[in-house]
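See below for the structure under consideration.
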Amino acid sequence: MDHSLDPGESLTSKRFWDWFIFPGGIWIALLFAIPLFLVLALSFGHVDDFGRGVYGFSLDNYRDVFDATYIPVLVRSVAYALATVILCLLIGYPVAYFIARYGGRYRYALVAALVIPFFVNYLVRTYAWVALLADQGLVNNLLVDWGLTEAPIQMINTPFAVVGGLVYGYIIFMILPLYASIERMDPSVVEAGKDLYGSPFQTFIHVTLPATQAGILAGCVLVFLPTVGDFVSAQLLGGPDTYMVGNLIQDQFFAASNWPFGSALTVVMMLFLAVWMVFYLRRASKGEAEVL
Amino acid sequence: MSGEAIGIQGITKKFGDFVAVDDISLSIAQGEFFSLLGPSGCGKTTTLRMLAGFEAPTSGRILLEGDPVEKVPPHQRNVNMVFQSYALFEHLDVEGNVAFGLKRKKVPKDEIRTRVAEALELVALSSRSGSRPNELSGGQRQRVALARALVNQPRVLLLDEPLGALDLKLRRQMQIELKAIQREVGITFVYVTHDQEEALSMSDRIAVMSDGKVAQCGPPEEVYEHPKEEFVAGFIGISNLLEGKVESGGRVRIGEDCLEVPDLGDGHTEGESVRIAVRPEKVAVDEIGSAAYRIEPDMFTVEGEIESKVYLGVGNQLTLKLGNGGRLVALEQATYRMRADEQWEVGQKVKVGWHPEHCMVLG
Ligand SMILES: Nc1ncnc2c1ncn2[C@@H]1O[C@H](COP(=O)(O)OP(=O)(O)OP(=O)(O)O)[C@@H](O)[C@H]1O
Ligand SMILES: [Mg+2]
């Protein structure tokens with residue numbers, strides 16, 4: 001006798017397991033969807049005389065987002081994010097490649113060594129950069145002590161410091177997907193490239209890069225998304241000239257107390273990022289279909 | 001065949017303390033289909049990778065048409081490789097894969113187009129030129145890998161178990177195709193395999209490798225019919241091994257019986273023990289008592305008993321226990337001469353014989 005093939009029983013157990021979707025579903029609905037909906041609703045509201053957000057229905061906030069005052073902030077955010085992505089790729093690819101191809105049995109130890117600093121809170125790590133780059137900071141003190149410069153160089157409050165902080169903050173999101181895709185690549189494909197008269201450089205361009213494009217794409221998106229909305233790096237390492245959209249939104253909620261405008265900014269940012277996300281998901285699912 | 005395509009002069013490859021290839025010397029002629037045959041881990045791939053330039057020999061020289069190439073990087077060597085995993089470029093279509101080498105060599109565009117088309121025709125894949133590798137079957141992928149290498153008209157084509165991933169039937173078919181393509185293009189093939197049947201059926205010459213060394217090198221008939229050592233006799237086909245002692249006059253004593261071996265060769269002293277190998281298909285078996293049916297008059301004969309019988313369809317494989325305690329495997333091919341009622345019984349007493357010239361004396 002074989003009980004496991006009884007159709008009634010397997011159906012019941014399937015129903016039984018379906019119930020497990022509820023705790024997580026409720027959690028997402030309460031803590032994720034509802035706040036999001038509130039932000040969306042508030043973005044059409046306005047501020048009353050006491051500075052409190054009031055629900056309403058007007059597009060004024062959205063018009064303000066694209067006001068000439070804020071356009072430079074939006075452009076700057078995207079520019080910093082793109083610069084961060086490019087720097088992360090340029091620094092991260094050689095690192096990931098080296099570990100994946102030449103790490104041997106130390107591969108996992110090396111990956112762990114890269115990940116461990118990221119256990120420390122992003123804010124704390126960025127403060128460390130302040131200590132490093134300040135006018136009286138470690139780097140400037142060394143430069144002056146060694147006589148390389150007369151006076152301290154202005155490093156903090158520059159775009160370089162902000163982008164540097166962003167690179168430092170998010171590079172692991174570039175390295176990990178790159179590492180995964182390079183490690184998964186069949187090494188004999190690279191040898192085939194060389195065997196077919198490709199110089200090491202040509203082989204890299206025509207074989208290795210295309211073979212790891214899924215990892216490159218994932219890394220770029222994973223770095224771009226959080227970077228473009230980041231406010232920590234600009235706040236700690238930058239000044240008025242490096243104000244990013246993340247700082248703008250933060251100020252609406254905390255300093256300026258204009259929640260409706262902050263909400264509208266948030267919604268616009270989310271839509272902008274959603275476009276990128278859709279682009280990425282389509283590319284990724286296409287890539288997956290190619291692998292199959 | 002004329003001239004030397006590849007000269008391997010005493011190459012050794014060490015990985016740390018481990019000697020993967022141990023002082024191999026070979027001379028491969030132009031247009032030759034040359035096979036490296038041996039069990040897993042014997043150093044076939046390592047040897048091939050040194051020819052391609054992916055590994056540098058620890059010592060020794062490699063000559064490509066007379067020129068030393070040990071120091072030449074792979075992308076400047078005029079040899080191409082067909083990888084065991086095929087290593088196709090998944091982001092390019094079939095045409096892009098085949099054109100890859102020509103593009104790197106900066107061949108003019110229209111010449112690339114005609115040569116790629118010719119190469120695809122050669123491997124019967126013209127209709128799939130726009131497909132991605134992942135849309136192809138295993139056999140088709142194999143042929144893309146072949147076309148991708150052949151289109152460059154290399155001096156030597158290196159193939160590392162190119163049919164290993166295919167099922168048996170497709171493998172047999174591809175063996176025939178590969179051989180036909182090799183004859184057509186006339187390029188020297190160095191072919192790595194661990195399948196002895198494949199090596200025997202395709203090669204002009206075979207180098208049998210074991211533990212990083214070449215145990216024997218010669219045409220298929222020679223390595224099969226005249227193996228020089230026990231390893232070769234055992235690796236290529238099955239062999240029955242018999243212990244014997246050399247007696248005077250080129251005779252060898254096996255148990256109580258004495259066997260006259262025609263090509264015992266010189267250098268054997270009286271009383272020396274030797275091993276004699278006999279192929280199962282050279283062993284004849286007859287019922288005791290009945291008229292001689294398979295055993296011929298000039299055969300060396302012993303008596304034995306059938307210990308086990310395996311039915312193979314095309315014949316029977318019999319394991320025989322000899323009077324002197326030894327064991328012997330006989331492969332009995334079914335023929336038109338076979339009687340319908342002929343049946344071997346386990347335990348049946350039989351007469352076993354073979355021609356003395358089919359004895360292979362192992363050093
Ligand atoms: N890069 C390497 N580092 C260390 N040892 C290696 C390396 N490459 C090969 N070897 C060793 O050298 C020996 C020969 O390897 P090789 O790949 O040449 O064998 P093979 O004859 O091709 O075997 P197979 O039929 O399994 O492919 C093996 O024992 C292998 O472990
Ligand atoms: Mg191998």
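When the stretch B:298-329 is examined, which residues are found to be open to solvent by 60 Å² or more (accessible area, probe 1.4 Å) and farther than 11 Å from B:Trp344 by Cα?
B:Asp298, B:Glu303, B:Leu312, B:Val314, B:Lys321, B:Gly323, B:Asn324, B:Arg327
From B:Phe54, B:Phe18, B:Phe83, which residue is farther than 17 Å from A:Ser188 by Cα, within 16 Å of ligand 2 (Cβ to nearest atom) and among the hydrophobic types (A, V, I, L, M, F, W, C)?
Just a single option satisfies the conditions, and that option is B:Phe18.
Anything in the stretch B:82-141 that is within 23 Å of B:Ala180 (Cα to Cα), modelled with pLDDT of 95 or more and β-branched (Val, Ile, Thr)? List them, or say none.
Listed by number, the residues that qualify are B:Val82, B:Val94, B:Val98, B:Thr114, B:Val116.
Conditions tested, residue by residue: (1) over 19 Å from the mean Cα position of the chain (by Cα); (2) touching a residue at least 12 places away in the same chain (Cβ under 8 Å); (3) away from chain B (no Cβ under 14 Å); (4) open to solvent by less than 30 Å² (accessible area, probe 1.4 Å).
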| position | (1), (2), (3), (4) |
| --- | --- |
| A:Thr203 | yes, yes, no, yes |
| A:His206 | yes, yes, no, no |
| A:Ala214 | no, yes, no, no |
| A:Val228 | no, yes, yes, yes |
| A:Ser233 | no, yes, yes, yes |
| A:Leu237 | no, yes, yes, yes |
| A:Pro240 | yes, no, yes, no |
| A:Ser257 | yes, yes, yes, no |
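Which condition number does B:Gln182 fail, the rest of (1) under 25 Å from B:Val214 (Cβ atoms); (2) within 16 Å of ligand 2 (Cβ to nearest atom); (3) not basic (Lys, Arg) being met?
(2)
Would you pick out the residues in the stretch B:64-77 that are over 24 Å from the mean Cα position of the chain (by Cα) and under 15 Å from B:Gly7 (Cβ atoms)? Before the answer, list the steps.
Quick first cut of the stretch B:64-77, residues over 24 Å from the mean Cα position of the chain (by Cα) only: B:65-77.
Within the stretch B:64-77, B:Glu65, B:Gly66, B:Asp67, B:Pro68, B:Val69, B:Glu70, B:Val72, B:Arg77 qualify.
Whether any residue in the stretch B:121-130 is closer than 18 Å to A:Leu196 by Cα and of a type in the set (Asp, Glu) is what I want to check.
no
In the stretch B:1-24, what residues are in a strand (DSSP E or B) and near ligand 1 (Cβ under 10 Å from one of its atoms)?
Result: B:Lys13, B:Lys14, B:Phe15, B:Phe18, B:Val19, B:Ala20, B:Val21.
Give me the residue from the stretch B:25-54 that is open to solvent by less than 40 Å² (accessible area, probe 1.4 Å) and away from ligand 1 (no atom under 16 Å from the Cβ) and, out of that set, nearest to the chain's Cα centre (by Cα).
Just the residues of the stretch B:25-54 that are open to solvent by less than 40 Å² (accessible area, probe 1.4 Å), to begin with: B:26, B:28-29, B:31-38, B:42-44, B:46-48, B:50-54.
Checking which are away from ligand 1 (no atom under 16 Å from the Cβ) leaves us with B:28-29, B:31-33.
On the way: B:Ile28: 15, B:Ala29: 17, B:Gly31: 18, B:Glu32: 14, B:Phe33: 11 Å.
So, considering only residues that are open to solvent by less than 40 Å² (accessible area, probe 1.4 Å) and away from ligand 1 (no atom under 16 Å from the Cβ), the one nearest to the chain's Cα centre (by Cα) is B:Phe33.
Residues to consider are B:Val82, B:Val94, B:Val98; find the one that is more than 20 Å from B:Cys217 (Cβ to Cβ), open to solvent by less than 10 Å² (accessible area, probe 1.4 Å) and away from every other protein chain (no Cβ under 14 Å).
Values: B:Val82 fails: away from every other protein chain (no Cβ under 14 Å); B:Val98 fails: away from every other protein chain (no Cβ under 14 Å).
Among B:Val82, B:Val94, B:Val98, only B:Val94 is more than 20 Å from B:Cys217 (Cβ to Cβ), open to solvent by less than 10 Å² (accessible area, probe 1.4 Å) and away from every other protein chain (no Cβ under 14 Å).
Every residue, every condition in (1) open to solvent by 10 Å² or more (accessible area, probe 1.4 Å); (2) part of a helix (DSSP H, G or I), yes or no:
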{"position": "B:Ala199", "(1), (2)": "no, yes"}
{"position": "B:Ile206", "(1), (2)": "no, no"}
{"position": "B:Met209", "(1), (2)": "no, no"}
{"position": "B:Val223", "(1), (2)": "no, yes"}
{"position": "B:Gly244", "(1), (2)": "no, no"}
{"position": "B:Arg253", "(1), (2)": "yes, no"}
{"position": "B:Gly271", "(1), (2)": "yes, no"}
{"position": "B:Glu296", "(1), (2)": "yes, no"}
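Does at least one position in the stretch B:132-143 carry a residue that is open to solvent by less than 60 Å² (accessible area, probe 1.4 Å), in contact (Cβ under 8 Å) with a residue 40 or more places away in the chain, more than 10 Å from chain A (Cβ to nearest Cβ) and within 24 Å of the chain's Cα centre (by Cα)?
There is at least one residue in the stretch B:132-143 that is open to solvent by less than 60 Å² (accessible area, probe 1.4 Å), in contact (Cβ under 8 Å) with a residue 40 or more places away in the chain, more than 10 Å from chain A (Cβ to nearest Cβ) and within 24 Å of the chain's Cα centre (by Cα).
Which of the residues belonging to the stretch B:211-221 are closer than 24 Å to B:Lys13 by Cβ and either open to solvent by 20 Å² or more (accessible area, probe 1.4 Å) or in a strand (DSSP E or B) (or both)?
Correct list: B:Asp211, B:Lys213, B:Val214, B:Ala215, B:Gln216, B:Cys217, B:Gly218.
Could you list all residues from the stretch A:179-199 that are crowded, with 19+ Cβ neighbours inside 10 Å, within 9 Å of chain B (Cβ to nearest Cβ) and under 12 Å from A:Thr212 (Cβ atoms)?
Answer for the stretch A:179-199, where residues must be crowded, with 19+ Cβ neighbours inside 10 Å, within 9 Å of chain B (Cβ to nearest Cβ) and under 12 Å from A:Thr212 (Cβ atoms): A:Val189, A:Val190.
Would you pick out the residues in the stretch B:55-79 that are of a type outside the set (A, V, I, L, M, F, W, C), more than 14 Å from every other protein chain (Cβ to nearest Cβ) and open to solvent by less than 50 Å² (accessible area, probe 1.4 Å)?
B:Pro57, B:Gly60, B:Gly66, B:Glu70
Test of understanding: among A:Val124, A:Val115, A:Val163, which residue is closer than 27 Å to A:Ala81 by Cβ and open to solvent by 70 Å² or more (accessible area, probe 1.4 Å)?
Result: A:Val124 is the single residue among A:Val124, A:Val115, A:Val163 that is closer than 27 Å to A:Ala81 by Cβ and open to solvent by 70 Å² or more (accessible area, probe 1.4 Å).
The values are calculated or read from the model by the stated rules, or taken from the named source; none is laboratory data. Note that the structure is a prediction, hence the values are computed from the model and not measured. A quick note on method: Cβ atoms are made from the backbone with ideal geometry, for glycine too, and the neighbour counts reach across all protein chains shown. Keep in mind that these areas ignore ligands, DNA and RNA; they rest on the heavy atoms of the full protein, side chains included. Shrake-Rupley method; radii C 1.70, N 1.55, O 1.52, S 1.80 Å.
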